[in-house]
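The values are calculated or read from the model by the stated rules, or taken from the named source; none is laboratory data. Note that the structure is predicted; figures quoted are calculated from it, not measured. Cβ atoms come from the backbone with ideal geometry, glycine included; neighbour counts cover every protein chain shown. Just the protein is used for accessible areas: all its heavy atoms, side chains included, with ligands, DNA and RNA removed. Shrake-Rupley method; radii C 1.70, N 1.55, O 1.52, S 1.80 Å.
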Amino acid sequence: MPAPSTRAGAPTFRALRRHSRALACALAVAVSGLAIAGYGSAGSDARSTSLSHAAKASAAVAPSCLPATLNHSAKLAGVDVDVSPAPGTDTADPHTQISFLGVPVAEIHDVSVVGRRSGQHHGRLLGYSQGDGASFVPETPFTPGEQVVVHAVIGTTDGGTRVVFGFGVDTPFSTVGQGEYANPQAAPSDYQTFETLPGVQAPILTVTDPDHDRSAGDIFTTNGPGAGHYGPLIYTPQGRLVWFDQLSGGVAAEDLNVQSYEGQRDLTLWEGNVLVLGFGQGEDIVMNSHYQAVATVKGGDGLSADLHDFQIAPHDLAYITAYNPIRCDLSSQGGPRDGVILDPVVEEIDMKTGLVRWEWHSLDHVAVGESETSPPSVSAWDWFHLNSIDPEPNGDIFISARNTWADYQIQSGTGNILWRLGGLKSSFKMGPGTQTAWQHDGRILPDGEVTLFDDGSNPPVHSQSRALRIALDVQTHQARLVSAYTHANPPLLAASQGNMQTLPGGNTLVGYGGVPEISEYAADGRLLFDAHLSYDLTFYRAFRFPWSGRPLSPPTATANLNNTDEETIVHMSWNGATEVAAWRVLAGKRPASLAPQATIPTAGFESSTILPKTFGDMALKQYGYVAVQALDAAGHVLGTSHAEPVRSYDALLPTAQRSA
C-alpha cells in the first residue's frame, strides 16, 4: 500500500513521518484485505479514482477556491441572526437556499437577493417548524463563480435593522459518470440462504467469544461496500439473524443505529450510492419498530445526504454529513491547476420541512495545509474527510476529520472552531497514547471525556487499531489517555471505517470497520463479546441495543412434499420479528379448511418441521395448503402467514434432475 505523496514545501519532519508509515506497511498485523479507500482515502493512494478525460477537459480552467481567510462567522452584526451561506465565503452551491436562523419568520422582511451575473432572484421565504427562522428559497439557481449580495430587514414591521451580506458561489464538479465501488459476489461460505426468502443471501455472523452482557441487546450493522449483498442487518448476540433488508441495484445501506424520534426508539440508517470518490449520495431514513419509514432526510442546498453520519437532536433537528465536490486550482498546494477538491459539509436540517437551517463548510474554517494528505494529480483531493457529527446539549457540535488526524469543537451558530483535538494545530498538549491517525467517530461523553476509534492505518501508523477514551483538562489544555481497547487475538489494524460505542453500563462496543470484527470490552479491558462477519466483507459501524421489532408484513411460509411423497416439509420465518417463541403449523386440502397440525419452538431465523402426512389429492397433483402462526412466549398469536400451496418434491429440483 503506497503512502501518500509528500506535500510540496512541507516540513521535513512531515516527510519523514510519511516515510515511516510506508515502511510500516510491511509490519502491519491483520490489515484488512479489502480496505475501502472511499471511507478515508490517503491522498494519492492507488485506489483513488481517476477523473475522466471529459471531466478533466471541463475543468481545464478551474477557478481559485482556497480561501484567503478562515473562520468566517455566520453571525450577522447588530442582530441575533446566523445566516447560511456564511458572509464572505465562496463555497455555496448554485442551488443553495439562504437561511436566517434566530428570529421568527414574521421578523424577516424585504429579502432581496442579487447575483452579479444572474441578477435579481425571486423566491419564497419559508419558515422553520421550530419557529426560529426561515429560508429564502430562490426560484432559479445561481451562476457558478458569481458573487451574491443579500439585503434584508430583521425585526418588527414598524422598525427593524437593515442587514446586508454577500457570499460566493462555487463551481461544482459533476459526479455523473464517477464510478461506484465494485460489488462482486460473496463466497458461498460468507452467507446464509433461506427457503422462505428466495434470492436473499445474508452475511453470516460468527461468534467467537460468547456474550457476557445480555443487557446490551442485539447487534446492529450493515454490509458493504464491497463483496456480497448490501443491506442493514440485526443479529442476536448468539449470531442468529433477526433482520436483513437486502437492497438491489447497487444501493448500499450504512450506519444502522437506534435513536429517539418523536418519543419513540427508531432505527436510523443511510441508503444510497457509495462513490469511489470517497463519499455517498443518498438519503437518511428513520424506521419504526414495524420497519416502516416514518421520516426521510435528504440533503439540501444542492447537496445529497452522505453516508458518514446522521444524528437526530431534540425539536425535530437532524445533523447530516454532505460532500461538496468543486473544481479548484490546487497548484498552490502542489496539485493540478485543473483540480477537484472535496468540501465536506455539516447541515442542520428541519426534519418537518426539509429546509436547511444552518450549514458549515470545512473549507471555510480549516486550512488545507492541515491535511495529512497531498493533492493527487488525477483524482479529487479528499483533504479533510468528515466522518462524524456529535451535537452537544448547548448547540455546539463536535466533528471528526480523518485526513487531518483531528477533531473539532464548533460553536453553535457562528460556526467558529472553539478548539482542536489532535492534528497539526491541536489546542491540547497530547499526552502519551492520545495521538490518533486516520481516526473515526469522535464523541463527547456527558462527563466531558472524548471517545474515538483510532484506525491508525491507511497507510499504517500504529501497530493496532484502538478504541480510545481521552480526558481533556480545559484549564491546562492537556489531553490524557484514560483507556485504550485493542483486539488481542488476533491483533487488528483497520484500514478504514470503524466506531466506538459507550454502552449504558459503562462497557465499550468496538466495530472495527474495514476488519469486520465486533467486540465488547469491560471497563477493565476484559473481552465480553466477540464476533465477526467474513473477513472478505466490510461494515461501516456496529452497535448494540435492546430491540423489539414486529413487522407489519405477515410471516412467510413455504412447503413441499418429501422425496417419497408421503410427508410434508414446512419452512417458516418472519424477517425482523423479535418476539417469536414458537410456531403453530396449519394445513389442509384448501385454504379455507386449514387446521392445526403441530407446534414447534423457534429454531433460528428460519424454522422447519416435517408433517407425517399429505393434505391434497395426489392423483390430481394437488398437494394441499399450509400456513403458520407466530406465537409469543405466552402462546399468543403475533402474526399469521398467507396460505401457501404445497409443492411437489420434483418442483424443487433443477429441470434436468426432475423425474419423468
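Quick notes
- Long-range lysine pairs (8 or more apart or interchain), the chain, Cα under 20 Å: 4
- Local net charge near ASP213, Cβ-Cβ under 10 Å (Lys/Arg +1, Asp/Glu -1): 0
- The label-point distance for SER463 and THR161, in a model that sets each label 7 Å from Cα toward Cβ, rounds to 5.8 nm.
- Rounded tilt (10° steps) of 12-24 against the dominant C-alpha axis of the chain: 10 degrees
- Residue-span extension gain [ALA293 to SER548] - 0.36 nm each, minus C-alpha spacing: 90.2 nm
- Ordering of 227-237, 156-166, 639-649 by packing [mean C-beta count within 10 Å, highest first]: 227-237, 639-649, 156-166
- Carbon + sulfur, % of accessible area of region 257-409 - ligands and nucleic acids excluded, 1.4 Å: 44 percent
- Net charge over other residues, Cβ less than 12 angstrom from the Cβ of GLY433 (K, R count +1; D, E count -1): +2
- Protection proxy ranking, highest mean first, for peptides 535-546, 479-490, 454-465: 454-465, 535-546, 479-490, where packing is the per-residue count of other beta-carbon atoms within 10 Å, averaged.
- Solvent exposure of region 288-405 as accessible area per residue, Å², 1.4 Å probe: 23 Å²
- Residue ranges 512-522, 419-429 sort as 512-522, 419-429 when ordered by packing (mean number of other C-beta atoms within 10 Å per residue, highest first).
- A simple count of charges around GLY422, restricted to other residues whose Cβ falls under 12 Å of its Cβ and scoring Lys, Arg +1 and Asp, Glu -1, yields 0.
- Length gained on full extension, ALA651 to THR502: 48.6 nm, using 0.36 nm per residue less the C-alpha separation.
- Heavy-atom accessible surface of region 116-258, averaged per residue, reaches 44 Å², computed with a 1.4 Å probe.
- Percent carbon-and-sulfur accessible area, region 460-593, ignoring ligands, DNA and RNA, probe 1.4 Å: 50 percent
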